[in-house]
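One structure is given below, encoded as structure tokens.
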Amino acid sequence: MSQIFFDESQLSLDDFATLCAQSTDKKDWPLASDVALNVLIYQRRDLLTAASSQPQALLSELHRALSAGPGVLVIKGMYPDKQIIDRNSALFEQILSAEAASNSGADHFAAAGNNGRIWNALQKVAVRDADAFIDYYANPLLALICEAWLGPGYQITAQVNQVRPGGKAQQPHRDYHLGFQQNEVVKRFPLPLQILSQYLTLQGAIAHSDMPIESGPTQLLPWSHQYQAGYLAWRDPQFIDYFRQHAIQLPLEKGDGLFFNPALFHAAGNNLTHDHIRTANLLQVSSSFGKAMEKVNYITVLKQIYPALRLRTLPEAELNAVIAAAGEGYSFPTNLDTDPPSSGLAPMTQQQLLRLALTEKWQPEAFNAALDEHQLKRQA
Ligand SMILES: [Fe+2]
């Protein structure tokens, strides 16, 4: 891809297929114990030994695995003490039933029915059981893989996903950041930023149940993260077809960890069993780099300028530029329980709210109230 800005007509299934045809050679990965269907397999004990004897070589290998390598790895036995997993799973069940009773906690990213989702499981577990939280997040391998991909200062979030018998497969997709945006938005990001975005997030899943193939463990397409234009490609029927023909699935055991580059094409699988509930704690870990140097109180700015702005008649380009400076233009981070996406996958931003108010000619009092409500529902 030679162009910085491009559209769907410039996608190449051939280029994608060439990248995905690479194979993972065990001899390139000295600390891995195995390669299964092109996925690197690491053993907990080997990683802990290497962490004390050759930490830089270990961190380098794990990072390379997720970038220059197949883009996906499994840590077998990441949680050797199953009681830690089970104690957290019991809390997940409490949270799921409490939220089902209060009708919150819907999964906006999957069809209703055979799916359970807990947003912000990290905070909800901490509130319910401090020791369960401590035991779970005291895992040195978790810190190791996060630091290998993101360096220090990372931020962990957790979203539990439960797929019950009969639960349907997802469409293949890429993950946060750009995986949560429509093509029209993706296209406005220069290609180097699209590529960079994969280095700002680590995607992980801790198996809270055994995951035999028939229960639908995540379908993965190793090496697919290397297709640079891929954020525009995953909704394309040709690419979906290719995924269906070439994606692989690995069975996991309770306590295993799966980690992948967020640009890897993947999709939750069909749960074909009659009685096996598949539960994963999805960890999404963010780089410290997605943050500005200064904290700006945009509520103050917006409330101050709105009465004046609504009286001005600016050319569209000027209006767009001032809106871009005056408020938050990104949907995240937010509280997905109380601030679900209204359409698409991303909730409304302050800038979109401002634009709506100007278009509909709201009075300042109405805009201020809407702004306060918007702010409130985005808090955790
Ligand atoms: Fe995903």
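The values are calculated or read from the model by the stated rules, or taken from the named source; none is laboratory data. Treat the numbers as computed from the prediction; the structure is a model and nothing was measured. Glycine also receives a Cβ, built like all others from the backbone with ideal geometry; neighbour counts cover every protein chain displayed. Quick note on the areas: whole protein, heavy atoms, side chains included, nothing else; ligands and nucleic acids left out. Shrake-Rupley method; radii C 1.70, N 1.55, O 1.52, S 1.80 Å.
Under the condition of being farther than 21 Å from ASN38 by Cβ and surrounded by fewer than 24 Cβ atoms within 10 Å (Cβ to Cβ), the residues counted in region 258-278 number 7. Per the listing LEU272, LEU252, LEU282, the residue uniquely closer than 16 Å to GLY216 by Cα, more than 16 Å from the ligand (Cβ to nearest atom) and in contact (Cβ under 8 Å) with a residue 12 or more places away in the chain is LEU272.
Here GLN182, GLN194 are screened, and the one residue that is more than 13 Å from the ligand (Cβ to nearest atom) and surrounded by fewer than 17 Cβ atoms within 10 Å (Cβ to Cβ) is GLN182. Tell me, please, whether a residue that is touching a Leu at 6+ places or on another chain (Cβ under 6 Å), in the same structural domain as VAL39 (by TED's automatic domain parsing), within 13 Å of the ligand (Cβ to nearest atom) and of a type in the set (S, T, N, Q) can be found in region 255-265. Yes, the conditions are met somewhere in region 255-265. Consider region 77-97 and keep the residues that are over 15 Å from ARG278 (Cα atoms) and touching a helix residue (DSSP H, G or I) at 6+ places or on another chain (Cβ under 6 Å). The one that is most open to solvent (accessible area, probe 1.4 Å) is ARG87.
Please indicate, with yes or no, whether at least one residue in region 286-305 is open to solvent by 10 Å² or more (accessible area, probe 1.4 Å) and within 16 Å of the ligand (Cβ to nearest atom). Within region 286-305 (the criterion being open to solvent by 10 Å² or more (accessible area, probe 1.4 Å) and within 16 Å of the ligand (Cβ to nearest atom)), the answer is yes, since at least one residue qualifies. Among the listed residues PHE243, PHE189, identify the single one that is away from the ligand (no atom under 16 Å from the Cβ) and among the aromatic types (Phe, Trp, Tyr). From the options PHE243, PHE189, the qualifying one is PHE189. Can you find a residue that is within 16 Å of the ligand (Cβ to nearest atom), in contact with a Gly (Cβ under 8 Å, 6 or more places away or on another chain) and assigned by TED's automatic domain parsing to the domain that holds LEU40 anywhere in region 206-213? Among the residues of region 206-213, at least one is within 16 Å of the ligand (Cβ to nearest atom), in contact with a Gly (Cβ under 8 Å, 6 or more places away or on another chain) and assigned by TED's automatic domain parsing to the domain that holds LEU40, which makes the answer yes. Across region 308-318, not a single residue is classified as under 30 Å from PHE92 (Cβ atoms) and either assigned by TED's automatic domain parsing to the domain that holds GLY179 or assigned to a loop (DSSP other than H, G, I, E, B) (or both). Being over 16 Å from MET1 (Cβ atoms), modelled with pLDDT under 95 and out of contact with any helix residue (DSSP H, G or I) (no Cβ under 6 Å at 6 or more places or on another chain) is a property that does not hold for GLN155. The number of residues in region 214-239 being more than 14 Å from the ligand (Cβ to nearest atom) and touching a Leu at 6+ places or on another chain (Cβ under 7 Å) comes to 11.
Within the option set GLY327, GLY255, GLY290, being touching a Phe, Trp or Tyr at 6+ places or on another chain (Cβ under 7 Å) and over 28 Å from ASP210 (Cα atoms) holds for one residue only, GLY327. Residues in region 116-169 that are acidic (Asp, Glu) and either open to solvent by 50 Å² or more (accessible area, probe 1.4 Å) or touching an Asp or Glu at 6+ places or on another chain (Cβ under 9 Å) (or both): ASP131, ASP135, GLU147. Restricting attention to region 351-380, the residues being over 28 Å from ALA126 (Cβ atoms) and part of a helix (DSSP H, G or I) number 17.
Take GLU365 and decide whether it is of a type in the set (Asp, Glu) and farther than 30 Å from ILE95 by Cα. Yes: the conditions hold for GLU365.
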